[in-house]
Every structure is written in structure tokens, then in C-alpha cells.
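Undergrad: Supplied in C-alpha cells, the structure appears directly below.
The values are calculated or read from the model by the stated rules, or taken from the named source; none is laboratory data. None of the values given here were measured: they were computed from a predicted structure. Here the Cβ positions follow ideal geometry from the backbone for every residue, glycine too, while neighbour counts run over all protein chains shown.
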Amino acid sequence: MMPQGKKRFIEFSAALKKGFLNISCKNSYSNLIVVSDSEGDIFKTAKKDKSFHGFGIRQMNIIAKKYYSLIDIYYGNGMFTVQTSLKNVPVSSKKK
């Protein structure tokens, strides 16, 4: 539950610039940020039903690695931001 007077939000943007796909996702949060690298994950979900949450950052890291990019993560004041710039790789239209 968000603190009184605060609203939940998600902002997503994507744009092609100079051969890179720049992606930014910002969202509100109300719980504490759980940071732990003991299991290979830096961020852990604080939600009660952990089996259905906590996959996003792991998947974004996999995609960033595949396209030779890095992930920037910022959090504070109730906002969590994840950004990356993926190299624009042309997709072949030929069928294999």
C-alpha cells in the first residue's frame, strides 16, 4: 500500500538514438528495497508471494548482456528507475 497522498505509477519510454535503443522504466514503490547479492541477485522482492515476483531485474540483465549493454538502477524518494541502451542490431528478414 502506498503512503497516504502518494499515487502508484509506472512510466516507460523507449527511443532510438544514434544506433541504440534507449529504454527507461520508472515506478513507484512503498516497501523497503531489499539488497542482497548472496544468491547472485542484487535486488530481492519484498512482496509476500515471492514465487510470482522478482524476475524483472534478472531478465533485464540477461537482455543487456546479450546486446552488450549495462543496466543503470536508481532508487529513492519512493521511485525506482531502471535504464539501459541496447545496440540496435538489424534483424534478418530471411527465413532459415
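Undergrad: Given (1) modelled with pLDDT under 80; (2) of a type outside the set (A, V, I, L, M); (3) part of a loop (DSSP other than H, G, I, E, B), identify the lone condition not met by Arg58.
TA: (3)
Undergrad: Could I ask something else about it? Among the residues of the stretch 64-83, what is the count of those that are modelled with pLDDT of 85 or more and touching a Leu at 6+ places or on another chain (Cβ under 7 Å)?
TA: Qualifying residue count for the region: 2.
Undergrad: For the subset of the stretch 3-26 comprising residues that are under 15 Å from Gly76 (Cβ atoms) and at pLDDT 70 or above, which member is nearest to the chain's Cα centre (by Cα)? Break it down stepwise before answering.
TA: To start, the set of residues in the stretch 3-26 that are under 15 Å from Gly76 (Cβ atoms) comprises 3, 6, 26.
Still in the list and also at pLDDT 70 or above: 6, 26.
On the way: Lys6: 21, Lys26: 8 Å.
Going through the qualifying residues, I end up with Lys26.
Undergrad: Looking at Tyr29 and the list (1) within 23 Å of Gly76 (Cβ to Cβ); (2) modelled with pLDDT under 75, which single condition is not satisfied?
TA: Tyr29 satisfies every listed condition except (2).
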